[in-house]
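Take a look at the structure below.
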Amino acid sequence: MSAAAKTHESAGRTGPMETFKYDNHVVRAFAIAAAIWGLVGTVAGLLAACQLFWPWLNLDTPFTTFGRIRPLHTNAVIFAFVGNGMFCGIYYSLQRLCKARMFSDTLSWLNFWGWQAIIVSAAITLPLGLTSSKEYAELEWPIDIAIALIWVAFTVNLMGTIFKRREKHMYVAIWFYIATAITVAMLHIFNSLEMPASLFKSYSVYAGVQDALVQWWYGHNAVAFFLTTPYLGLMYYFLPKASGRPVFSYRLSIIHFWALIFIYIWAGPHHLLYTALPDWAQSLGMVFSVMLVAPSWGGMLNGLLTLRGAWDKVREEPMLKFMVVAVTAYGMSTLEGPTMAIKSVNALSHYTDWTVAHVHTGALGWNGFMTFSLLYWMIPRLYNTRLWSTKLANYHFWVGLLGMMFYIVPIYVSGITQGLMWKQFNADGFLQYPNFLETTIRLLPMHQLRAVGGVLYITGIVIMLVNLYRTAKAGKFIGDQEDSAPALLRGANQEGMKDGHRWLEGVPVTFTVLAALAVVVGGLVEIVPLFLIKENVPTISSVKPYSPLEVLGRDLYIREGCVGCHSQMVRPFRSETERYGEYSKVGEYVYDHPFLWGSKRTGPDLHRVGGKYPDAWHYNHMENPRNTSPESIMPNYFWLLSQKLDTTVVVDRMHALRKVGVPYTDDEIKGAAKSIEAQSKKVVANLAVGSITNAPADREIVALIAYLQRLGTDIKAMPTNAPAAPVATAITPARN
């Protein structure tokens, strides 16, 4: 704690001494879960990374393709590894900061087992293709409800513990825990509003550009309030504890907290620069993203300067080594993020591996190393012993750091190379690399180096698991740790607690309300106008809802995770309009539930793919991509050619889509079966023209082809005398 915090930490504690016990049982459970899921999540990530240069690792099964493994990896790392690490650190530190046992042991264990059940559900449903396709929110509606319920249990337990605390002063770490609890609940609930069509199929209540904004309002702030704010709280607790030094600046921590939670919530639109999102929303996202540098670096400096005079201890203590790298990685990623939000930089970086490198600076460095640091700190104390091997912990540090560098540096090179190759024109004014695959092949050595880094990072985790296991075996677990403190005299007029932020730290309800208001404002200003002002989402008369067969094909596209590699957003750059066709318009997406703009191009954009290739090309391409593109790294999808299309679900799905705004008529829904039959026959006839004469009309591939051939074709019906839209250069956006 800071000196100022120490001055006031006992304010109001003038009652009789009370003896109580901290609950270490649930802390240990979360610690074990974090360690195990950390290994599982990174192994899944290594598999996905290797699939990008060894396509045979997709294993020719529907359940192990890159499109299904990637969301499994991201969910395992974010919610299983980091989520359990977050709960572990909060449950350990909160009890000690409040001088109180957790509010309810029952809620603690409901939080633990409920969270593990959610993770297992994700591990089952995502490989089965049961997904909403929304980034970091892929889980279907029953699991979304379970997440909300478990989060409520955690929040009640958190706030209940704060209310029964024996410390008047709420230390800075608790501020970040409160912000995490209320903001994650808000983000999850609003982004997960969906209309169920069956037990494991739903459609987002938002469409197109509105869905995109809500998703990245959630997606960016999931990074902010699930992966950042709780870990900043843990930094403020564990770094002073381990170093034996007070926090560098109490005043800076106040500025850091309030500025961070207010500004962060506005930054989501920077994921959608140069897309069909209205320019005013893009500009807001960019401005607030750049502003984020100040509070983010304020927090980083507050952490690193806490170590002033303690660098000898850093050299000796592996836990502090991990902590220093974690805080540094936080600073680097929070400088890079705002830089990438500048439009001219984003024009190069977006949809490339640069974004992947940026994300993993935070994931491997900030969250990964911070979690390792916490585990090395807590396990010896939970078992009342010393760390089994400091030498092994140091090996883990250097192997993990080397692995992180081998991962991140090649992917930065890959991303910049990718962006430059996409935009390169020759002396005659034609694209230098018109074939997308030319870029993909050029990057394979960088992806192979990344896999080497992944192996090293995982090796470090295995070393940690061995070390922590031997540490636990050498000690004796303290399940209920006894402590004592004077009772807090609630309602007393404590000296020194009347004015300013000190007073606010003694009134948790008022503090929570103000924190909620700080994070709500940005969301309201950005999202509400997009729903209420019709001019923000102009319609195009030629854009019609998908046919019943195309609805089923789109659902197959979502099931197979195609959005993980292919975008559906042609940006207004000459390099993209030359390669893909007319740039994308906001009105083209008004019936897209959910939106499928994507966040990474491992393959080419597909928004204008309709009519670009004959049906037989798509058929051969899905059976074995090497048939049409010899050096492709795309998985085989041959099962689509043999699996029968389930047409019985289409009526329920069209009813669900109608409830969220797609204008299907009763006659269209009743006639869905006949419509599917008629359109399927047309696809089969087209296949026969391409010498594929044995294709049954009732297979999944037929529906997928129908959907792909529809993409981007609606605006072709627009009048030929319509005024030409401007085409942007790499740094100048076209107006929506």
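The values are calculated or read from the model by the stated rules, or taken from the named source; none is laboratory data. Everything numeric here is computed off the predicted structure, so don't read it as measured data. Counting neighbours? That spans all protein chains shown, and the Cβs are built from the backbone with ideal geometry, glycine included.
When the range 32-73 is limited to residues that are surrounded by 21 or more Cβ atoms within 10 Å (Cβ to Cβ), of a type in the set (Val, Ile, Thr) and touching a residue at least 60 places away in the same chain (Cβ under 8 Å), the one that is nearest to LEU449 (Cα to Cα) turns out to be THR42.
Is the range 238-247 home to any residue that is farther than 30 Å from VAL586 by Cβ, in the same structural domain as GLY523 (by TED's automatic domain parsing) and crowded, with 24+ Cβ neighbours inside 10 Å?
yes
Between VAL77, VAL82, VAL120, the distinction of being assigned to a helix (DSSP H, G or I) and surrounded by fewer than 19 Cβ atoms within 10 Å (Cβ to Cβ) belongs to VAL120 only.
Considering THR510, THR459, THR471, the condition of being among the hydroxyl-bearing types (Ser, Thr, Tyr), buried (at least 18 other Cβ atoms within 10 Å of the Cβ) and at pLDDT 95 or above is satisfied by THR471 alone. Checked against (1) part of a helix (DSSP H, G or I); (2) modelled with pLDDT of 90 or more; (3) crowded, with 19+ Cβ neighbours inside 10 Å, PRO594 meets all criteria but (1).
Scan the range 123-149 for residues that are part of a helix (DSSP H, G or I), surrounded by 18 or more Cβ atoms within 10 Å (Cβ to Cβ) and either in contact with a Leu (Cβ under 6 Å, 6 or more places away or on another chain) or not aliphatic (A, V, I, L, M) (or both) and jot them down.
If the condition is that a residue be part of a helix (DSSP H, G or I), surrounded by 18 or more Cβ atoms within 10 Å (Cβ to Cβ) and either in contact with a Leu (Cβ under 6 Å, 6 or more places away or on another chain) or not aliphatic (A, V, I, L, M) (or both), then THR125, TRP141, ASP144 are the ones that fit.
So for the range 515-522 (the condition being outside any helix (DSSP H, G or I), in the same structural domain as HIS270 (by TED's automatic domain parsing), surrounded by 12 or more Cβ atoms within 10 Å (Cβ to Cβ) and modelled with pLDDT of 90 or more), does at least one residue qualify? Looking through the range 515-522, none of the residues is outside any helix (DSSP H, G or I), in the same structural domain as HIS270 (by TED's automatic domain parsing), surrounded by 12 or more Cβ atoms within 10 Å (Cβ to Cβ) and modelled with pLDDT of 90 or more. I'd like to know if the range 581-591 contains one or more residues that are of a type outside the set (Lys, Arg), more than 26 Å from TRP280 (Cβ to Cβ) and in contact (Cβ under 8 Å) with a residue 12 or more places away in the chain. Yes, some residue in the range 581-591 is of a type outside the set (Lys, Arg), more than 26 Å from TRP280 (Cβ to Cβ) and in contact (Cβ under 8 Å) with a residue 12 or more places away in the chain.
Checking each residue in the range 12-35 for being acidic (Asp, Glu) and modelled with pLDDT under 95 picks out only GLU18. Contact map, the range 531-545: residues that are among the polar types (S, T, N, Q) paired with residues that are surrounded by fewer than 18 Cβ atoms within 10 Å (Cβ to Cβ) and in a loop (DSSP other than H, G, I, E, B), Cβ distance under 9 Å, separation 6+ or inter-chain. Pairs shown: SER541/MET718; SER542/MET718. Scanning the range 341-360 for residues that are over 30 Å from PHE30 (Cβ atoms), basic (Lys, Arg) and over 18 Å from the mean Cα position of the chain (by Cα) turns up at least one hit. Scanning the range 322-346 for residues that are of a type in the set (S, T, N, Q) and surrounded by fewer than 19 Cβ atoms within 10 Å (Cβ to Cβ) gives THR328, THR339, SER344.
Quick grid of which residues meet (1) over 24 Å from GLY208 (Cβ atoms); (2) out of contact with any Leu (no Cβ under 8 Å at 6 or more places or on another chain); (3) modelled with pLDDT under 90:
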position: ALA672; (1), (2), (3): no, yes, no
position: ALA685; (1), (2), (3): yes, yes, no
position: ARG710; (1), (2), (3): no, yes, no
position: MET718; (1), (2), (3): no, yes, yes
position: PRO723; (1), (2), (3): no, yes, yes
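No other residue among THR648, THR628 is without any contact (Cβ under 8 Å) to a residue 12 or more places away in the chain, of a type in the set (S, T, N, Q) and over 30 Å from PRO55 (Cα atoms) apart from THR648. Restricted to helices (runs of 4 or more DSSP H) entirely inside the range 248-345, those with at least 3 residues that are of a type in the set (D, E, K, R) are 311-316. Taken over the range 643-675, the criterion of being of a type in the set (Val, Ile, Thr) and exposed (fewer than 13 other Cβ atoms within 10 Å of the Cβ) is satisfied by THR648, THR665.
May I ask you to list the residues in the range 662-702 that are assigned to a loop (DSSP other than H, G, I, E, B) and in contact (Cβ under 8 Å) with a residue 60 or more places away in the chain? Across the range 662-702, the qualifying residues are VAL662, PRO663, TYR664, GLY690, SER691, ILE692, ALA695.
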